[in-house]
1. For the stretch B:81-95, state whether one or more residues are more than 8 Å from chain A (Cβ to nearest Cβ), among the β-branched types (Val, Ile, Thr), open to solvent by 10 Å² or more (accessible area, probe 1.4 Å) and closer than 15 Å to residue B:25 by Cβ.
2. For residue A:99, which of the numbered conditions (1) under 27 Å from residue A:52 (Cα atoms); (2) touching a residue at least 24 places away in the same chain (Cβ under 8 Å); (3) out of contact with any helix residue (DSSP H, G or I) (no Cβ under 8 Å at 6 or more places or on another chain) fails to hold?
3. Identify the single condition in (1) within 14 Å of another protein chain (Cβ to nearest Cβ); (2) part of a strand (DSSP E or B); (3) over 24 Å from residue B:48 (Cα atoms) that residue A:62 does not satisfy, given that it satisfies every other one.
4. Look through the stretch A:65-90, keep the residues that are open to solvent by less than 30 Å² (accessible area, probe 1.4 Å) and outside any strand (DSSP E or B), and return whichever of them is nearest to the other protein chains (Cβ to nearest Cβ).
5. Being facing chain A (nearest Cβ under 7 Å) and farther than 20 Å from residue A:48 by Cα is the filter here; which residues of the stretch B:96-113 pass it?
6. Going through A:93, A:50, A:60, A:41 one at a time, which residue ends up being over 27 Å from residue B:35 (Cα atoms), open to solvent by 50 Å² or more (accessible area, probe 1.4 Å) and either in contact (Cβ under 8 Å) with a residue 60 or more places away in the chain or among the basic types (Lys, Arg) (or both)?
7. Based on this model, can you work out whether residue B:33 counts as at pLDDT 95 or above and within 15 Å of residue A:100 (Cα to Cα)?
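The values are calculated or read from the model by the stated rules, or taken from the named source; none is laboratory data. All values reported here derive from a predicted model rather than from experimental measurement. Glycine also receives a Cβ, built like all others from the backbone with ideal geometry; neighbour counts cover every protein chain displayed. Accessible surface areas use protein heavy atoms only, side chains included; no ligands, DNA or RNA. Shrake-Rupley method; radii C 1.70, N 1.55, O 1.52, S 1.80 Å.
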Amino acid sequence: SQQGEEDPQALSIQEGENATMNCSYKTSINNLQWYRQNSGRGLVHLILIRSNEREKHSGRLRVTLDTSKKSSSLLITASRAADTASYFCAHDRGSTLGRLYFGRGTQLTVWP
Amino acid sequence: DVKVTQSSRYLVKRTGEKVFLECVQDMDHENMFWYRQDPGLGLRLIYFSYDVKMKEKGDIPEGYSVSREKKERFSLILESASTNQTSMYLCASTRRLAGGREKQFFGPGTRLTVL
């Protein structure tokens with residue numbers, strides 16, 4: 001399988017703390033994306049980082065990409081209870097058809 | 001905003017029944033995908049389609065078929081449902097851009113239970 005792998009599988013923090021999730025993959029990529037899923041719902045796209053980018057920001061989200069290590073991280077700063085969700089990374093393995101390979105996800109719980 | 005709708009949020013079927021899951025998107029996207037999601041296994045691709053009447057197998061196509069007669073609609077068919085097909089089914093769509101840069105838009109999911 002060329003799925004990505006998230007680490008940790010589960011993360012539990014207090015409101016106001018930062019949450020860091022990591023993702024590793026095995027192949028070359030064009031881009032890597034992060035998605036969020038609230039319990040029992042569909043996934044929502046958060047951020048996309050291209051293979052020639054090293055860091056990207058969007059609000060309280062910061063994504064880094066290290067193609068030499070085939071890894072990415074998602075940092076959520078000043079977390080809120082509403083950030084409680086599962087977070088998935090997905091990469092394209094160089095596909096031009098738009099297919100993505102998803103990891104198993106990190107379940108983030110933010111306690112008030 | 002793109003809207004991806006799925007025909008049912010919850011569905012209960014019996015073993016051996018033929019099951020149709022429908023997905024419709026309203027933004028003229030070329031690509032459409034069917035995933036199943038199981039605890040601890042993440043999202044696994046069943047089938048995808050990059051154009052009308054075109055389909056490609058994903059990682060777990062066994063026991064499933066698909067149909068894409070119109071660009072906006074992608075159907076997943078379980079020819080003879082089995083209990084191991086109890087799962088959450090997610091549909092997604094995306095435009096097709098060079099380099100695969102486009103994000104996927106997901107429907108709300110269908111939780112299928114096969115008794």
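1. No, every residue in the stretch B:81-95 fails to be more than 8 Å from chain A (Cβ to nearest Cβ), among the β-branched types (Val, Ile, Thr), open to solvent by 10 Å² or more (accessible area, probe 1.4 Å) and closer than 15 Å to residue B:25 by Cβ.
2. (2)
3. (1)
4. For the stretch A:65-90, the residue satisfying everything is A:83.
5. Listed by number, the residues that qualify are B:108, B:109.
6. Among A:93, A:50, A:60, A:41, only A:60 is over 27 Å from residue B:35 (Cα atoms), open to solvent by 50 Å² or more (accessible area, probe 1.4 Å) and either in contact (Cβ under 8 Å) with a residue 60 or more places away in the chain or among the basic types (Lys, Arg) (or both).
7. It is true that residue B:33 is at pLDDT 95 or above and within 15 Å of residue A:100 (Cα to Cα).
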